[in-house]
Structures are given as structure tokens and as C-alpha cells.
Ligand SMILES: Cc1cc2nc3c(=O)[nH]c(=O)nc-3n(C[C@H](O)[C@H](O)[C@H](O)COP(=O)(O)OP(=O)(O)OC[C@H]3O[C@@H](n4cnc5c(N)ncnc54)[C@H](O)[C@@H]3O)c2cc1C
């Protein structure tokens with residue numbers, strides 16, 4: 001039995017970020033990951049976008065609070081920049097103009113660089129959009145960024161082990177029980193114990209709670225599909241922004257020389273190794289070809305991942321009110337990468353019994369917004 005200060009279940013971006021913060025606070029952290037590669041599930045399947053206008057109020061605050069770290073991580077965290085310029089155009093037809101106006105009014109307080117573009121301005125920037133797609137113009141977020149997810153995830157894991165933490169891969173958690181002072185965790189790689197267990201098991205977080213005899217938070221994994229395909233011959237797509245439909249029915253963006261496309265599907269799923277569904281791919285292609293002059297002749301890649309939400313679509317982070325030492329870090333939904341830098345600090349602080357980092361509190365976020373107690 002190996003004893004540590006914290007046992008973390010799950011080596012995705014959430015578990016890695018928490019491990020990084022706690023190890024760097026001088027704690028002995030053990031991170032248990034079922035797969036041989038910690039990014040195998042949702043963390044390795046994202047669209048890698050950083051957008052301060054995406055998600056509800058707490059999510060947007062956590063994204064804004066992540067920007068500084070992602071732009072200027074500590075020395076040695078990574079060799080490559082984590083964020084690179086991309087921009088987003090949220091486009092809509094005339095009957096969506098009021099929705100885009102309202103989003104502009106609400107969000108420009110937090111994101112002053114937002115712009116409201118006319119149809120002519122949108123078409124000048126993205127001539128491949130059909131005029132009827134953009135009769136309501138667009139909300140432009142010029143400071144949205146692409147994220148190097150691999151560099152960020154690896155930076156957290158490397159920073160955790162450099163500070164004395166340990167990662168155990170191929171370690172599937174099969175049993176969790178509490179004795180007087182500790183959680184005892186049984187895995188395929190041996191047994192581990194700690195006074196605090198951090199449940200960062202992604203789509204499996206409610207399953208882990210069930211094994212531990214802790215009430216669930218009502219997590220619902222939802223499948224989302226993505227494909228890539230080659231751009232038109234000779235087209236220079238490098239500087240294209242991401243284009244997102246105002247009703248979130250599709251988005252596309254450049255991705256390593258190809259175009260990444262998603263139909264923004266949210267199909268309820270059990271926790272699993274999610275696979276793309278041919279119907280969702282056909283829907284994605286149809287929506288793209290209706291909205292633009294692009295044509296998809298052959299797919300280069302296709303995949304799906306699970307975005308897991310609780311009822312209010314805000315992340316769950318905090319100690320369970322009824323299970324001493326059981327700490328939730330789940331429900332990252334479609335925002336787990338872009339919020340990860342702030343969530344690393346938030347999870348680290350709350351798991352150590354401290355209050356929220358001041359900059360996060362200054363953005364209007366409270367512990368109650370994140371607490372599992374709100375879901376009971
Ligand atoms: C198509 C798509 C596009 C997305 N685009 C974006 C985007 O642009 N920007 C953004 O910020 N987010 C995006 N997301 C969401 C983001 O990817 C997730 O919010 C984030 O990766 C969730 O991280 P996680 O660590 O909670 O989960 P995961 O990465 O799934 O990690 C959980 C880990 O727990 C492990 N685990 C589970 N059960 C056990 C067990 N019994 N024992 C041991 N280990 C266990 C799993 O193996 C897994 O590795 C997207 C997601 C998808 C699917």
C-alpha cells in the first residue's frame with residue numbers, strides 16, 4: 001500500500017492540472033490513470049480552442065482567468081507556445097441578429113475586444129461563406145486562440161512529477177473504501193491510500209462515486225463528433241478564424257493544414273471509448289456545404305469524444321458535503337481545456353482547504369458556483 005497526501009483518479013487535463021498545483025504546493029500526489037496514455041479520452045479529442053465567449057458565466061470567468069498562465073506559463077513548463085492566434089466568427093442569418101446583438105452587449109464587458117460585424121465585413125473576411133448564411137452579420141472574437149493541448153497537458157504532468165508527484169498508468173481503479181483517516185483505492189497496479197481522494201475521472205466520475213458509496217452529482221456524458229478534410233486546392237486557410245453558427249449547429253476551423261469540422265452534436269452516452277457515428281458525420285458535411293462553398297470529398301480523420309455535463313453546465317469542484325475527503329473535479333463539459341489553468345489553481349486551493357484565488361473571486365465566481373452541494 002502506497003500512502004500519499006492526495007490520490008487523483010484520472011490523468012486527463014483536470015487531474016493533471018490539479019496534480020500540478022498540489023505537487024507544487026509541496027504535497028505528495030499520486031495520479032492513477034487506467035489507460036497507458038493519460039490523454040487517451042476526452043482530453044486528446046478536443047477542438048483545442050480558447051474562447052472567452054463560450055459557455056455560461058462561471059465558465060467564461062474561468063477561461064478569462066486562465067489566459068495569463070496560458071500565454072506566459074512558468075519557465076520550463078513547455079518548449080512551444082501554448083496559445084496561438086485564431087479568432088472566432090459567430091455567424092447568423094437575419095433572424096439571429098438580435099441574438100448576436102444580445103451576446104455582444106453581454107460579453108463585451110468581460111471581453112472588450114469583441115466586435116459586431118456587418119454581413120459585408122464577414123464576407124470580406126471569409127468569402128467562402130454563402131451570403132444567406134451571414135445576413136445577420138457576426139460576432140467576432142479576434143483574441144480567441146488555438147491551444148496546443150498536448151503541450152499544455154504534458155506541461156502539467158511534467159511539472160507534477162518534477163515536484164515529486166507520481167503517475168501510475170494502466171492503473172484501473174476497481175475499489176474505493178474509507179477507513180478512519182484515509183481513502184483506500186484498489187487498482188490493477190496495486191493499492192493506494194490518502195486522506196483526500198480527487199475524483200477527476202471525466203465521464204466516469206459518477207461511476208467512481210458509486211464505487212466509493214458517494215451519491216452522484218448527475219453527470220451526463222454527451223458525445224461530440226469531429227472530422228478533418230483537405231482544404232480546396234491552392235487555398236491558404238492558415239489565417240482563417242473558426243466559424244461557429246450562432247445556434248451552435250456546426251463549426252469549422254483550420255487544423256494542422258486541414259479543416260476540422262463538427263456538427264456540435266450532444267448525444268447522451270454512457271461513459272465509454274466514444275466512436276463517431278456516420279449519421280452525425282453526414283449531418284456535419286451537409287450543414288457545412290449548405291453554409292459555405294466548401295465541399296468535402298474525402299475525410300482525412302474522424303473521431304468522437306464525451307463532453308460531460310451536470311445540470312447547470314458548470315464544473316463541479318469541491319469536497320463532497322457528505323463524504324469526508326472526497327473531492328470532486330468533474331463536469332468540464334466542452335470547456336475543460338480552456339479553463340484548465342484557472343481550474344488547476346482553483347482545485348489546488350480548495351483541496352488544500354483554502355479559499356478561491358483572489359483573481360478568480362474578483363471575476364464574480366464563488367465556491368458555491370462550483371460546489372457539489374449545489375447539485376444535491
Ligand atoms: C469534439 C470535442 C471538442 C472539444 N473542444 C474543446 C475546446 O475547443 N476547448 C475546450 O476547452 N474543451 C473542448 N472539449 C472538452 C474538453 O476536451 C474536456 O472538457 C476535457 O478534456 C475533460 O477533461 P477530463 O480530464 O475531465 O476528462 P478525460 O480527459 O476524459 O480524463 C479522465 C480520465 O479518467 C480516467 N479514468 C476513468 N475511469 C478510471 C478508472 N476507473 N481508473 C483510472 N482512471 C480512470 C480516464 O481513462 C481518463 O483518462 C472538447 C471535447 C470534445 C469531445
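The values are calculated or read from the model by the stated rules, or taken from the named source; none is laboratory data. Note that the coordinates shown come from a computational prediction; the quantities given were computed from them, not determined experimentally. Ideal geometry is used to build each Cβ from the backbone, glycine not excepted, and the neighbour counts take in all protein chains shown.
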| What number goes with the only condition from (1) under 14 Å from residue 88 (Cα atoms); (2) out of contact with any strand residue (DSSP E or B) (no Cβ under 6 Å at 6 or more places or on another chain); (3) more than 13 Å from the ligand (Cβ to nearest atom) that residue 250 does not pass? | (3)
| task | For residues that are touching a strand residue (DSSP E or B) at 6+ places or on another chain (Cβ under 6 Å) and more than 11 Å from residue 331 (Cβ to Cβ), scanning just the range 201-221, find the one that is nearest to the ligand (Cβ to nearest atom). | result | 201
| task | Could you grab the pairs with beta carbons closer than 7 Å, sequence gap of 6+ or different chains, first residue in the range 23-35 and surrounded by fewer than 18 Cβ atoms within 10 Å (Cβ to Cβ), second one modelled with pLDDT of 95 or more and assigned to a loop (DSSP other than H, G, I, E, B)? | result | 25/352; 28/4; 28/5; 28/164; 35/169
| request: Looking only at the range 30-47, decide whether some residue is away from the ligand (no atom under 16 Å from the Cβ) and either assigned to a helix (DSSP H, G or I) or touching a helix residue (DSSP H, G or I) at 6+ places or on another chain (Cβ under 7 Å) (or both). | output: no
| Residue among 141, 132 that alone is modelled with pLDDT of 95 or more and more than 25 Å from the chain's Cα centre (by Cα) | 132
| said: Any residue in the range 93-104 that is in the same structural domain as residue 129 (by TED's automatic domain parsing) sitting within a Cβ distance under 8 Å of a residue that is in a helix (DSSP H, G or I) and surrounded by fewer than 15 Cβ atoms within 10 Å (Cβ to Cβ)? List the pairs, counting only those 6 or more apart or interchain. | reply: 93/132
| query | Any idea which residue in the range 15-29 is farthest from residue 177 (Cα to Cα), counting only those that are in contact with a helix residue (DSSP H, G or I) (Cβ under 7 Å, 6 or more places away or on another chain) and near the ligand (Cβ under 9 Å from one of its atoms)? | reply | 17
| message | Can you confirm whether residue 184 is within 13 Å of the ligand (Cβ to nearest atom) and either touching a helix residue (DSSP H, G or I) at 6+ places or on another chain (Cβ under 7 Å) or in contact (Cβ under 8 Å) with a residue 12 or more places away in the chain (or both)? | response | no
